[in-house]
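Below is one structure; the comments refer to it alone.
The values are calculated or read from the model by the stated rules, or taken from the named source; none is laboratory data. Because the structure is a prediction, the values reported are computed rather than measured. Here the Cβ positions follow ideal geometry from the backbone for every residue, glycine too, while neighbour counts run over all protein chains shown. Please note that ligands, DNA and RNA were not included when accessible areas were found on the heavy atoms of the full protein model with its side chains. Shrake-Rupley method; radii C 1.70, N 1.55, O 1.52, S 1.80 Å.
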Amino acid sequence: MRKIIDSVMETIVFICGILSIVFVALIFGFLLKEGFAFFKEFGVINFITGRFWYPVSNPPQFGILPLIVGSLLVTVGAAVIAVPMGVMAALYISEIAPKGVRDILKSFVELMAAIPSVVIGFVGMVTIVPIIRMTFNLPTGLTAFTGSLMLAFMAMPTIVTISEDAIRSVPWAYKEGALALGATRWQTVRRIVLKAAMPGIVAAVMLGIGRVIGETMAVMMITGNAAQIPHSIFEPVRTMTATIAAEMGETVRGGMHYRALFALGFVLFVITFIVNFVADLFSGKSKK
Amino acid sequence: MSDKIKVENLSCFYGKHRVLESLNINVVKNEILTIIGPANSGKTSFLRTLNRMNDFNPDYSREGAVYLDNDNIFEMNTEKLRKRVGMLFAMPIPLPMTIYENIVYAPKRLGVVAGKKSDQDAVVEQALKDASLWDEVKDRLDSSAMKLSGGQQQRLCIARILAINPEVILFDEPCSGLDPISTAKVEESMIELKEKYTIVLVTNNVKQASRVGDRTAFFLMGKLVELDKTGTMFVSPKQKQTEDYITGRFG
């Protein structure tokens, strides 16, 4: 009897464990199936390098270059803002802050991660957007830069918590060794702590960026949704995610436009997969 | 002989717990002073007070004074103090970089050596020779310091301290994790080093104290029980407690 329970439990645990792989494989397969039909008809090169996204005009044009540029611009902008801030915040929390401050800061950073992206988008729309429009004297505040700002806000918790863990797992002995040699606190942090924690920090940054690329709701609300290749960060853009979310409801099931959106999803999946893979590579390295 | 370090009425506390009680002790220039005593006798706390490594512990507090060449160390800049008083820990802790970088790290930070490559090479070679490690690593200075054996790592740590040219070196049970042969090598280099430096050695190994110490201090429960020439103390200790400890009756 006990043997049977044992093997049943083992099977259940195995199924649960394998399930996430199955899900990823199924989603990948589904995207590929729908997208592949589209790629065959329209051509991968045309799809990726096309400069115009006019899915409902006649004949329709499915060029996703403006969408890729939009996503990249918003993501890079967010990373430029969030990475230095996030890493410095992590340093402050783990190395400098007194214990009371550290606990409060940590719980607030974690709380930040819990804010739904719709709320962030909404708050950004009524606060940041008018501020951006007025300070830079723009026709509209719905720009790539605005999106970057709000997304930086969303990537911060991931970057801060994971880098903080990495920084804190640097053995105290390293710091002691450097300090005993007469290094100042800042020299120790810069040359020893940051160096030893670097793989973990890179992983944190990649995961933060992964979150930003996949983010949909907030960017849809505050980037202006204009499918054009922008000339500066102060122009409206449209991201890949926002395109899928906005247009999927209006398409004919099985139609060309419908399949184009799946193909777009496939491209997005490949990008996030690469980002996560790089993050994994680094966090695996830090454990050795 | 002049006193390099003079400790006056030093008491140390962790929170309310007193770990060292009104200690008066002196360290003579170019000697090896070994400190022995059972666990919890305050040896390490004493050592870590001498270059203020305990300052990072928020529970730690102290009374009294320690003079290094007539300067009160508690009024000194800690980085400057630690440049003059180097410390070697029980566990060898090479920094996560190459052998070469490990040694030039501190001199570069402190401005002891100029940025010129040839100057740095000279510092590295001299420090490694003084720590009797040069012959073993001269062909692989650019490999990671983590790949060295335990004994080599510990001697690398000694070389790292020598590179900043301190006046006093504190050894905190430097051989507790090493095999007998590596231990012998570290002891050998300690004896060579006392010609240039003043050394304070904390050890759990009574035999080690008798092998390398010029004078030996016996600590018990945060108090200095006896301080004498090593030869004298190991032959005819004045206190009963000292005799019991060095003959292995307790501790």
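So how much accessible surface do A and B hide from each other in total, probe 1.4 Å, in square angstrom to the nearest 100? Intermediate values should be presented prior to the final figure.
Numbers: alone 16070 and 11850 Å², together 26140 Å².
Chain pair A/B: roughly 1800 Å² of buried accessible area.
Note on chain A: Lys pairs 8 or more places apart or on different chains, Cα atoms under 20 Å apart, count 7.
For the pair segment A:224-248 and segment B:23-60, the centres of their Cα atoms are 66 angstrom apart.
The mean count of C-beta atoms from other chains within 10 Å of the C-beta of residues in A:167-180, rounded to a whole number, is 5.
Can you give the convex hull volume of the alpha carbon atoms of chain B per residue, in Å³? Walk me through the numbers on the way to the answer.
Numbers: hull volume 31.7 nm³, N = 251.
For chain B, the hull spanned by Cα atoms encloses 126 Å³ per residue.
Taking the Cα centre of segment A:203-288 as reference, the dipole from Cβ charges on Lys and Arg (+1) and Asp and Glu (-1) amounts to some 420 debye. Helix B:150-162 and the long axis of chain B differ in direction by around 90°, with both axes built from C-alpha atoms. Annotation for segment B:134-168 versus segment A:94-173: alpha-carbon center distance of 43 Å. Between helix B:180-193 and chain B there is an angle of about 90 degrees, using the helix long axis and the longest principal axis of the Cα atoms.
Taking A:SER107, B:SER182 and ordering them by how much accessible surface each has at a 1.4 Å probe, largest first, produces A:SER107, B:SER182.
What average count of beta carbons from other chains do you get within 10 Å of the Cβ of residues in B:81-93?
Values: counts 1, 6, 3, 1, 2, 3, 5, 2, 4, 1, 4, 2, 9.
So the per-residue partner count for this stretch is 3.
Rounded, prolate or oblate: pick one for segment B:8-77, where a ≥ b ≥ c are the square roots of the eigenvalues of its C-alpha gyration tensor, a/c under 1.5 means rounded, and failing that, prolate if a/b is larger than b/c, else oblate. Oblate shape, in that a/c is at least 1.5 and b/c is the bigger or equal ratio. For the residues of A:158-165, the average number of beta carbons from a partner chain within 10 Å of their own beta carbon is 0.
For chain A, the relative contact order is 26 percent, taking Cα pairs closer than 8 Å that sit 6 or more residues apart in sequence and dividing their mean separation by the residue count.
The amide H of B:GLU31, built 1.01 Å from its N in the peptide plane, has B:ILE199 as neighbours under 5 Å, considering only residues 5 or more places off or on other chains.
If you sort A:TRP172, B:TRP134, A:TRP186 by accessible surface, 1.4 Å probe, largest first, the order is A:TRP186, A:TRP172, B:TRP134.
Could you work out the relative contact order of segment A:176-288, using alpha carbon pairs under 8 angstrom and six or more residues apart, expressed as a whole percent?
Numbers: 82 pairs, mean separation 39.3, N = 113.
Here the relative contact order equals 35 percent.
Each Lys or Arg adds one and each Asp or Glu takes one away; over the other residues whose Cβ falls under 10 Å from the Cβ of A:GLU164, this sums to +1. Calculated FRET efficiency, A:THR127 to B:ARG18, Cβ-Cβ distance, R0 = 45 Å: about 0.20 to the nearest 0.05.
Which shape class, rounded, prolate or oblate, goes with chain A when its Cα gyration tensor gives a ≥ b ≥ c as root eigenvalues, a/c under 1.5 marks rounded, and past that a/b bigger than b/c marks prolate? Write down the numbers at each step before the final one.
Numbers: a/c = 2.24, a/b = 1.30, b/c = 1.72.
In terms of gyration-tensor shape, oblate.
For the pair A:MET256 and A:LEU72, what calculated FRET efficiency results from E = 1/(1 + (r/R0)^6), where r is the Cβ-Cβ distance and R0 = 35 Å, to the nearest 0.05? Efficiency at R0 = 35 Å is approximately 0.85. When you count the other C-beta atoms within 10 angstrom of each residue and take the mean per peptide, A:29-36, A:10-17 line up highest first as A:29-36, A:10-17.
Once the Cα-Cα distance is subtracted from the 0.36 nm per residue extended length, the B:LYS207 to B:GLN126 segment shows a gain of 26.1 nm. Between A:MET112 and A:ALA25, the modelled labels are 3.9 nm apart [label points 7 Å from Cα along Cα→Cβ]. Full extension of the chain segment joining A:ILE12 with A:VAL270 gains 89.8 nm, where the gain is 0.36 nm per residue of separation less the Cα-Cα distance. Summing +1 for each Lys or Arg and -1 for each Asp or Glu among the other residues whose beta-carbon sits under 10 angstrom from that of A:LEU142 gives 0. Using only side-chain charges placed at the Cβ, +1 for Lys and Arg and -1 for Asp and Glu, the dipole size of the protein assembly as shown relative to its Cα centre rounds to 140 debye.
Residues within the reach of a label modelled at A:ARG185 (point 7 angstrom out along Cα to beta-carbon, backbone nitrogen below 20 Å), restricted to segment B:49-70, are B:49-62. Distant-in-sequence amide contacts of B:GLY64, defined by a placed amide H-H separation under 5 Å and a gap of 5 or more residues or a different chain, comprise B:SER11. For segment B:100-131, a drop of 40 Å² or more in accessible area on going from the chain alone to the assembled protein chains (1.4 Å probe) is found at B:TYR105, B:ARG109.
The Cα atoms of segment A:1-81 give a gyration tensor whose axes a ≥ b ≥ c have a/c of 1.5 or more with a/b no greater than b/c, which makes the shape oblate. In the protein assembly as shown, a dipole from Cβ-located charges (positive for Lys and Arg, negative for Asp and Glu) runs towards its positive end, and of A:LEU281, A:VAL101, B:TYR14 it is A:LEU281 whose Cα lies farthest in that direction.
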